[in-house]
Amino acid sequence: MNLEGGRDEEEEYYQLVEMRRSVESVLHLLNKQSPLTLKQEKYCSKECVERFVRAKGNSVKKAAKHLRNCLSWRDSLPTEDLMADEFSAELAEGVAYVAGHDHELRPVLIFRMKQDYQKFHSHKLFTRLLVFTLEVAVQTMSKNVDQFVILFDASLFRSASGFMKMLVATLKIIGDYYPLRLHKAFVIDPPSLFSYLWKGVKSFVELSPLTMVVSTLDIQESLHFNDLTSYPQATSLRFDPSLVPSSAKLGSCSSSRFSFTVSHHFDSLKPWYLSLTDTSGSKVGPTNLSRTLLGPHISPLNARSLSFASPRGNIDVVRKGFFPSTPMPQKTQKLDPSIVRHPRTPKPSFLHSPALFFKRDCQLSRVEKPHESFLPFLKFYQRPYDEMIYRSKMRPPLGGLISIVSPQLKRRNMSASQRY
């Protein structure tokens, strides 16, 4: 045991040394091409460069090229000029925000964009809003946390292709410029044709293995039906024969086994009444059957549960005496099992159900089921949006002027309330 523990420590130490060398090599290549500015050096921290190296399979050249493209993209945006004052309308409506943190302190982002948002706003403004929300999530991360979770509310979209464009553009930006940042992404209540479009597109999306499609209706039904104690039992719906007058009858049917009566009250839960009392004058078969043959006495209270049950007791005697039957002829020929042709099940056709062709993707393991993975984040999705709580999570300069002035306003309000 001690030898294995020592080997593990040696491997970890070797990996740390190799990662340090890779990080230094990446920074050396970047400075060799063109010296980094102060903002770029601040962004290229040790943890940031490690993510790029791990995303490219510990390849120094690929990581340096990827990081250089990311730095040029951030300078073209530019990310340092993003402020909350630019998205005052989006913050008021709750289009994109950080809802909170999960049990592992990962930020949970929610995007609730309407279908008309892309018509009245340019793609550049959408990109700036997305990057602003991602930067706020990165700022709220703890020291040992480097990933976030995204919830896409697609219930406001009517077009599956329109939502697909927005989703693919978002995942591409995260995959290219925020490598290894995404933990999971959930698409909630998308349009009906989205599943079929997503099947053809996801093979070209890098972050598609981390994206899951869920439905809130299925989750609510599963939560309700798991608690069976909240539903009344079937015995509470039984009909009480004492409430129906004996004279009010539409008709009756009787035999040696039971009598069947229908009442005038059609709006009742059970307008028919079944009784096993012997009320018929004409009987078929033997009449002196003992109680042991027919089993226990069936009253109107348990008629519903035992009316279609098989008779209890000595089954062999009942079969021989009460149910006369014609003897079956003896078998003279033996069939060969190889000759017997069983009916073949027809192959599924696309005209029958298109969902049969997408069934294989849904057969995931128990850990990877979308609904079970989404349950810990359901509370963030159902929680109402509060703009002030979201603004309180922003740090300067992302918070804008309101985050700087709001503490003074709170002090002024406190002093005014103390006067009165």
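Miscellaneous remarks
- Top-ranked residue of the range 174-184 - restricted to ones that are touching a helix residue (DSSP H, G or I) at 6+ places or on another chain (Cβ under 6 Å) and of a type in the set (A, V, I, L, M), ranked as surrounded by the most Cβ atoms within 10 Å (Cβ to Cβ): 182
- Residues being crowded, with 16+ Cβ neighbours inside 10 Å and farther than 18 Å from residue 83 by Cα are represented in the range 117-124 by at least one member.
- Check on residue 86, assigned by TED's automatic domain parsing to the domain that holds residue 174 and in a helix (DSSP H, G or I): yes
- Once the range 39-90 is narrowed to residues that are in contact with a Leu (Cβ under 9 Å, 6 or more places away or on another chain) and among the aromatic types (Phe, Trp, Tyr), the residue that is surrounded by the fewest Cβ atoms within 10 Å (Cβ to Cβ) is 43.
- For residue 97, the conditions (1) among the hydroxyl-bearing types (Ser, Thr, Tyr); (2) assigned by TED's automatic domain parsing to the domain that holds residue 140; (3) assigned to a helix (DSSP H, G or I) are fulfilled apart from (3).
- In summary, residue 61 fulfils each of the numbered conditions (1) more than 30 Å from residue 397 (Cα to Cα); (2) touching a Pro at 6+ places or on another chain (Cβ under 8 Å) with the single exception of condition (2).
- Residue within the range 30-53 that is of a type in the set (Lys, Arg), outside any loop (DSSP other than H, G, I, E, B) and closer than 26 Å to residue 377 by Cβ present: yes
- Among all positions in the range 146-154, there is at least one residue which is assigned by TED's automatic domain parsing to the domain that holds residue 381, farther than 22 Å from residue 216 by Cβ and out of contact with any Asp or Glu (no Cβ under 6 Å at 6 or more places or on another chain).
- Tallying residues that are in contact with a strand residue (DSSP E or B) (Cβ under 9 Å, 6 or more places away or on another chain), in a loop (DSSP other than H, G, I, E, B) and under 13 Å from residue 182 (Cα atoms) within the range 142-161 yields 2.
- In a residue-by-residue description of the range 119-138, the property of being in a strand (DSSP E or B), within 12 Å of residue 181 (Cα to Cα) and of a type in the set (Val, Ile, Thr) applies to no position.
The values are calculated or read from the model by the stated rules, or taken from the named source; none is laboratory data. Here the structure is a predicted model, which is why all the values come from computation and not from measurement. Glycine gets a Cβ as well: all are built from the backbone with ideal geometry, and neighbour counts include every protein chain shown.
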